[in-house]
Amino acid sequence: MLDAAFATGTLAAIATGGTLLGLGWREGEAGRVFRLAGRGLLERFGVVSAAAPLTSVALGYLHHLLIASLWGFLLSLLLLPLRGALRFVAAGVAAVGYVVLAALFLPPALRIGYAVTSDIPSGVPIGAALALALLGGVWLEAAQQEP
């Protein structure tokens, strides 16, 4: 089960990363979300982010990989024991729960997309990608089970 959870976490990082690129692309710069996340992280440690624009993009991307993988892993641990239609419903509920939790309670450093997804409307695309990644974990786990 842990292998499927790690694989689902990776799938969540890929799906939400593509979503964040799309959100940035809509604004005219594909890496915008990662740049803003990295800038926020650098400034929390007292580093002027304008002095290191590429570093802020790289740091934002690494932050995304870590946080999205962690959320995908944790949520999949809750979903993988479930079977049938209950798992599909639970994936949707988990994704909606994440969006609400991120918008209302989580600090930016624990959110997928850092502060860019700080409200419900901006979190909806992330929730949809997360739900699809969690549902993809169904097939990842099924491929590992012996007949």
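The values are calculated or read from the model by the stated rules, or taken from the named source; none is laboratory data. The structure displayed is predicted, hence computed values, not measured ones. With ideal geometry, Cβ positions are generated from the backbone for all residues, glycine too; neighbour counts draw on all protein chains shown.
Odds and ends about this structure:
- Boolean, Leu106 is modelled with pLDDT of 90 or more, outside any helix (DSSP H, G or I) and within 24 Å of Arg39 (Cα to Cα): yes
- Among the residues of segment 109-136, those identified as assigned to a loop (DSSP other than H, G, I, E, B) and not acidic (Asp, Glu) are Arg111, Ile112, Gly113, Ser118.
- Test: Thr8 is surrounded by 19 or more Cβ atoms within 10 Å (Cβ to Cβ), touching a Ser or Thr at 6+ places or on another chain (Cβ under 7 Å) and part of a helix (DSSP H, G or I): yes
- One residue alone among Leu75, Leu82 is in contact with a helix residue (DSSP H, G or I) (Cβ under 6 Å, 6 or more places away or on another chain), touching a residue at least 60 places away in the same chain (Cβ under 8 Å) and farther than 17 Å from Leu20 by Cα, and that residue is Leu75.
- The lone criterion from (1) buried (at least 17 other Cβ atoms within 10 Å of the Cβ); (2) modelled with pLDDT under 85; (3) under 23 Å from Arg32 (Cα atoms) left unmet by Val138 is number (3).
- Residue identified as within 18 Å of Thr117 (Cα to Cα) and hydrophobic (A, V, I, L, M, F, W, C) among Leu54, Leu2, Leu77, Leu36: Leu36
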